[in-house]
């Protein structure tokens with residue numbers, strides 16, 4: 001008998017062991033594949049289900065529920081920039097500015113299509129201005145990357161930022177540039193009126209704010225600022241007229257006792 | 001005594017009190033009363049060469065805490081306001097002593113509100129203070145206290161104290177022997193309700209200072225409503241309750257007061273800060289009140305009552321978009337060097353603190369944006385504040401202490417950093433990072449007072465916090481040359497409230513108002529400090545309120561001068 005004789009029981013056992021090992025590996029592999037496939041299917045199904053849920057919550061204007069559903073989605077798809085973006089939008093709607101900025105940043109980090117990326121960056125700038133963080137707003141504007149295509153919107157934001165930084169004289173040309181593109185948009189004209197007020201150019205301010213108040217007669221801020229402009233122009237009758245309109249609109253919006261009306265988004269929520 | 005009271009409250013609350021919400025795991029509730037002290041993080045030791053202020057609390061010998069009653073876990077809105085500090089030379093030895101309101105405790109079943117004793121600390125020089133509360137007569141707790149105001153109401157030359165309380169506010173007369181006597185009853189001061197801050201001013205030009213008391217809300221434990229923040233039990237905001245009308249008391253010159261609130265034509269608000277000064281340059285005292293989440297009020301003085309409320313017309317009722325802010329602290333001063341009294345308010349989060357520049361005729365223009373002050377405070381809740389020339393360049397800088405009112409705020413933290421803004425010819429720069437270690441650590445700031453505690457010519461700071469030791473901050477950059485004056489009225493009230501002192505320096509006229517109230521719940525050094533160019537003697541011009549102008553010439557630099565009405569050269 002030779003050492004390789006198949007009838008040798010030791011050799012047979014070794015072969016069987018190898019065979020069983022191979023079978024075991026194959027079975028485990030198959031199980032893993034099936035498990036992965038079912039998991040993926042399950043995850044995909046969950047994602048579809050959650051997407052439908054988000055749509056449903058949005059339809060019902062249930063912001064908190066939509067935020068919860070998107071957050072669950074992001075656990076399953078943590079690199080889905082589209083959903084980070086959607087989450088940011090929902091946070092913005094819910095007036096949760098800090099959370100919105102974080103979500104926009106995550107969306108940008110995971111790559112958004114150019115148009116959406118530009119929008120996200122502009123939204124970030126707007127949020128930082130609202131939050132009073134001029135440095136963060138400026139940093140976002142100055143980040144390298146493709147130039148913003150929405151120049152007018154960018155210039156409006158730059159004008160707002162410069163105004164917040166106490167530089168109305170620098171803000172004015174930015175806004176003028178935006179207005180060339182936008183045309184006589186009432187809100188932008190109103191902002192120009194406020195810049196003129198900041199600069200003590202009361203006649204120009206009055207003209208712009210009159211334009212805004214005629215285009216949007218229920219804009220209480222327009223009347224408030226017009227009263228200020230006419231007060232400085234030494235036209236008390238006109239100032240009084242606009243102040244009265246402001247008070248009427250303010251009471252209309254916030255009730256007859258303006259002194260006790262809610263303006264604070266974080267105000268108490270009674271149990 | 002304070003520790004015993006707090007321990008008792010904790011025990012009572014454990015048995016039958018308001019109860020801690022399961023979601024509230026704040027360290028203040030988990031630790032024994034008084035255990036939460038100043039930040040000891042690494043920032044506290046990071047002293048930098050160019051820091052404006054040095055924290056000298058530890059070596060000052062003062063370890064006093066305002067307690068807001070949070071331990072009771074009742075979550076009453078009463079807990080949100082905090083306390084104040086007065087810089088007052090009560091023993092007339094030439095240096096500023098410190099008086100702190102004590103706050104109170106809340107708890108029991110049904111929940112009750114009780115006061116804690118105030119603290120008085122005598123300045124023994126070199127920024128060392130000694131607790132003299134008991135000897136001075138403050139061993140007993142009054143009602144739950146907030147603000148403090150100082151005036152010589154009986155014109156005897158010794159400063160008296162008025163402490164604002166939830167419950168019964170108290171007038172303490174300085175008995176000239178380093179003690180104080182509670183004279184509230186004999187003075188006829190009803191002063192009940194939720195009184196927050198006070199300011200004094202002579203509304204009828206009779207030479208006696210009258211008392212304006214700001215009041216907050218129509219609230220009581222019985223009217224309390226439960227509120228949630230982020231699903232956790234928290235304090236309610238002011239809109240959950242109705243506003244109230246402030247009070248005005250006429251000083252009858254015989255130690256008693258008459259309530260003239262109704263004749264004065266005061267209207268409802270949610271008063272926190274108040275300042276008295278001549279804000280429209282007509283020679284009469286005016287009051288400006290900072291209201292929380294409602295229009296601020298400007299009461300202009302008239303020859304006869306009522307006062308004229310003119311905030312909206314004057315442009316100081318709301319922010320620059322016509323919306324009322326949640327205003328807390330307030331101050332007055334000439335920030336842009338045009339010689340007119342500008343107004344400044346500290347506000348709630350998501351709002352800018354407000355700067356209103358006066359055109360001198362009673363009209364103001366919102367200057368928050370144009371002066372570079374926008375944005376910096378939108379994540380902060382501002383309280384104590386002061387317009388003061390901290391760096392001795394003649395321009396009024398700004399100090400703000402911050403801290404949230406809600407324990408579980410959504411956008412910003414409960415503990416926040418204080419801020420410092422340097423005035424560069426009317427434009428402000430945020431220099432908080434160079435403020436010092438105090439400015440680089442978080443606190444729940446409330447009242448604050450400014451004054452030269454060590455008489456070195458630089459304005460120091462004292463800050464009161466919620467349930468945390470007060471902070472004493474020494475200004476590290478005294479000016480090379482300064483002159484200090486203390487105005488003393490003879491025809492005017494002795495404190496000369498409403499008078500304006502001015503000098504010429506570096507080609508500019510520096511004007512400083514003697515105001516009462518101001519800041520938040522606190523009283524600052526009433527002496528006026530001018531940083532000057534050199535050691536040449538200076539002339540100081542004083543416009544006494546409605547009583548003409550005098551010049552006090554040739555005042556020696558580096559000294560404090562008493563300028564007595566009638567002893568200057570009339571102009």
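No value in this document is a laboratory result; all are computed from the given coordinates. In this text the structure is predicted, and so the values were computed from the model without any measurement. Every residue, glycine among them, receives a Cβ derived from its backbone with ideal geometry; neighbour counts consider all protein chains shown.
Hydrodynamic estimate: the Kirkwood radius of region B:362-486 over Cα pairs, inserted into Stokes-Einstein at 10 °C and 1.306 mPa s, corresponds to D of 103 µm²/s.
Annotation: region B:326-407 has a Kirkwood hydrodynamic radius of 13.0 angstrom, from the mean reciprocal C-alpha pair distance.
In this rough spin-label picture, where each label sits 7 Å from Cα along the Cβ direction, the residue A:79-residue B:393 distance is 5.1 nm. Here region B:256-373 is treated as an ellipsoid with the same Cα gyration tensor; its semi-axes, largest first and in whole Å, are 23, 17, 11.
Using every pair of alpha-carbon atoms in region A:1-117, split the distances into 5 Å bins beginning at 0 and state the percent of pairs per bin, rounded to integers. Result returned by the calculation: 2, 11, 14, 13, 11, 8, 5, 5, 5, 5, 4, 4, 4, 4, 3, 2, 0, 0. Please give the FRET efficiency for residue B:559 paired with residue B:206, using the beta carbon to beta carbon distance and R0 = 25 Å, rounded to the nearest 0.05. Result of the calculation: an efficiency of 0.15. Taken over region B:107-148, the alpha-carbon convex hull comes to 91 cubic angstrom per residue.
Neighbouring Cβ atoms from other chains, within 10 Å of the Cβ of residues in A:15-25, number 0 on average. Rg of the Cα atoms in region B:120-245, relative to 2.2 N^0.38 Å, amounts to 1.29. Between residue B:190 and residue B:361, the distance separating the two model label sites (each 7 Å from Cα on the Cα→Cβ line) works out to 4.1 nm. Taking all C-alpha pairs of region B:220-323, those more than 22 Å from each other amount to 43 percent. Both radii are taken from the alpha-carbon atoms of region B:421-492; with Rh as the Kirkwood radius, Rg/Rh is 1.04. Length gained on full extension, residue A:215 to residue A:71, computed as 0.36 nm times the residue gap minus the Cα-Cα distance: 47.7 nm.
Solvent-free Debye calculation, one equal scatterer per alpha-carbon of chain B: log10 I(q)/I(0) at 0.10 Å⁻¹ equals -0.75. When all alpha-carbon pairs of region A:106-254 are counted, what percent fall beyond 27 Å? Tail of P(r) above 27 Å: 31 percent of Cα pairs.
Counted by neighbouring Cβ atoms within 10 Å, the residues A:250, B:140, A:232 run from fewest to most as B:140, A:232, A:250. If the chain linking residue B:509 and residue B:232 were pulled fully straight, counting 0.36 nm for each residue of separation and taking away their Cα-Cα distance, it would gain 94.4 nm. Here r is the Cβ-Cβ distance between residue B:308 and residue A:42 and R0 is 51 Å; the resulting FRET efficiency, rounded to 0.05, is 0.10. Please give the FRET efficiency for residue B:112 paired with residue B:490, using the beta carbon to beta carbon distance and R0 = 45 Å, rounded to the nearest 0.05. In this case the efficiency is close to 0.45. Taken residue by residue and averaged, Cβ atoms of other chains lying within 10 Å of the Cβ of A:238-248 number 1. All Cα-Cα separations within chain A were binned at 10 Å from zero, giving a P(r) of 6, 18, 22, 20, 12, 6, 5, 4, 3, 2, 2, 1, 0, each value a whole percent of the pairs.
Springs between Cα atoms under 10 Å define the GNM used for chain A, and in it the highest mean-square fluctuation of A:137, A:120, A:169 occurs at A:169.
Working from label points 7 Å from Cα in the Cα-to-Cβ sense, the residue B:50 to residue B:476 distance is 1.2 nm. Legend: Rg and Dmax of the protein assembly as shown, from Cα coordinates, 31.2, 138 Å.
Ordered by the number of other Cβ atoms lying within 10 Å of each residue's own Cβ, fewest first, B:118, B:220 fall into the sequence B:220, B:118. At q = 0.16 Å⁻¹, work out log10 I(q)/I(0) for region B:208-275 with the Debye formula, treating every Cα as an identical point scatterer and leaving solvent out; two decimals please. Normalising to I(0) and taking log10 leaves -0.67. Contact order, relative form, for chain B: 15 percent (alpha carbon pairs under 8 Å, 6 or more residues apart, mean separation divided by residue count). Computed extension length for residue B:570-residue B:533: 10.8 nm, one decimal, from 0.36 nm per residue of separation with the Cα-Cα distance subtracted.
Listed by Cβ neighbour count within 10 Å, with the fewest neighbours leading, A:85, B:438, B:520 appear as A:85, B:438, B:520.
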